[in-house]
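Below are the structure tokens for one structure; questions will follow.
Please treat every number below as a calculation from the coordinates, not as lab data. Given the structure is predicted, the values throughout are model-derived calculations rather than measurements. Positions of Cβ are generated from backbone atoms using ideal geometry, with glycine treated the same way; all protein chains shown enter the neighbour counts.
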């Protein structure tokens, strides 16, 4: 399978985001994680499956689930519970081998996160190819200009800009300014996702103006007094650019 063909495999995750944009919304990807190294317990007894169904009803096109256990309290079981809502799910973890990819597929994910900061070029390319051969879309996560260039050279068609530093387990005070700095360097035609550090509708608007096609929001939603109200305000923050 060619790199171009692989890049379109597992496209339901990306397609759902594009369809939401065409409907005039900023696609907001809810990020499910049990614990934040910075904020502590996020779910506070809530059911992941129930929350996923509620967000689906509000128009969430896709979901993201952190399965890393040590720092974020996640698991593949959490992914399975969330995927049961019937939306395409991205698995976020420190993926380092093909066994991780097979487990991702078996758990019901449609997409997987590959973190450029944690993978050398050869490993990144091998995992990128293997993921697509399994039918998984790949979100190539970047945080620096160098990493964005590497993701582009890889042929990634979905690129994330993490506004926080994964080396610090996202304990830093990253903001959407990171997306504003790097978005213009993304290759034409990629689906660009601004990740983390997005707290308000104004942040969503800033990311969209910078060129982000979608935003991934975790802690802000879980800590909100009314998650559903905040989610709806975020997705309506600014009309999406045409796909």
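Considering the stretch 59-69 alone, what residues qualify as being touching a residue at least 24 places away in the same chain (Cβ under 8 Å), in a loop (DSSP other than H, G, I, E, B) and either touching a helix residue (DSSP H, G or I) at 6+ places or on another chain (Cβ under 6 Å) or within 19 Å of residue 35 (Cα to Cα) (or both)? Lay out the reasoning, then the answer.
Of the stretch 59-69, the ones touching a residue at least 24 places away in the same chain (Cβ under 8 Å) are 59-68.
Narrowing further to those that are in a loop (DSSP other than H, G, I, E, B): 59-62, 67-68.
The answer is 61, 62, 67, 68.
Could you check how many residues of the stretch 170-191 are crowded, with 18+ Cβ neighbours inside 10 Å and touching a helix residue (DSSP H, G or I) at 6+ places or on another chain (Cβ under 6 Å)?
6
Could you count how many residues in the stretch 70-86 are surrounded by 15 or more Cβ atoms within 10 Å (Cβ to Cβ) and not in a helix (DSSP H, G or I)? Lay out the reasoning, then the answer.
Looking only at the stretch 70-86, we keep the residues that are surrounded by 15 or more Cβ atoms within 10 Å (Cβ to Cβ), and these are 71-76, 78-83, 85.
Retained after the next criterion (residues that are not in a helix (DSSP H, G or I)): 71-75, 85.
Final tally of qualifying residues: 6.
Select, from 37, 30, the only residue that is touching a residue at least 12 places away in the same chain (Cβ under 8 Å) and crowded, with 16+ Cβ neighbours inside 10 Å. Quick ask: steps written out before the conclusion?
Details: 37 fails: crowded, with 16+ Cβ neighbours inside 10 Å.
Just a single option satisfies the conditions, and that option is 30.
Counting only residues that are over 21 Å from residue 70 (Cβ atoms) and touching a strand residue (DSSP E or B) at 6+ places or on another chain (Cβ under 9 Å), give me the helices (runs of 4 or more DSSP H) lying completely in the stretch 90-161 with at least 2 of them. Let's see the steps before the verdict.
Details: elements: 98-106, 121-133, 145-154.
Counting at least 2 such residues, we get 121-133, 145-154.
Let me ask something else. Kindly list the number of the only condition in (1) in contact (Cβ under 8 Å) with a residue 60 or more places away in the chain; (2) assigned to a loop (DSSP other than H, G, I, E, B); (3) under 22 Å from residue 24 (Cβ atoms) that fails for residue 215.
Condition (2) is where residue 215 drops out.
Right, something else. Could you grab me the full set of residues in the stretch 25-58 that are in a loop (DSSP other than H, G, I, E, B), under 18 Å from residue 83 (Cβ atoms) and more than 17 Å from the chain's Cα centre (by Cα)?
43, 46, 47
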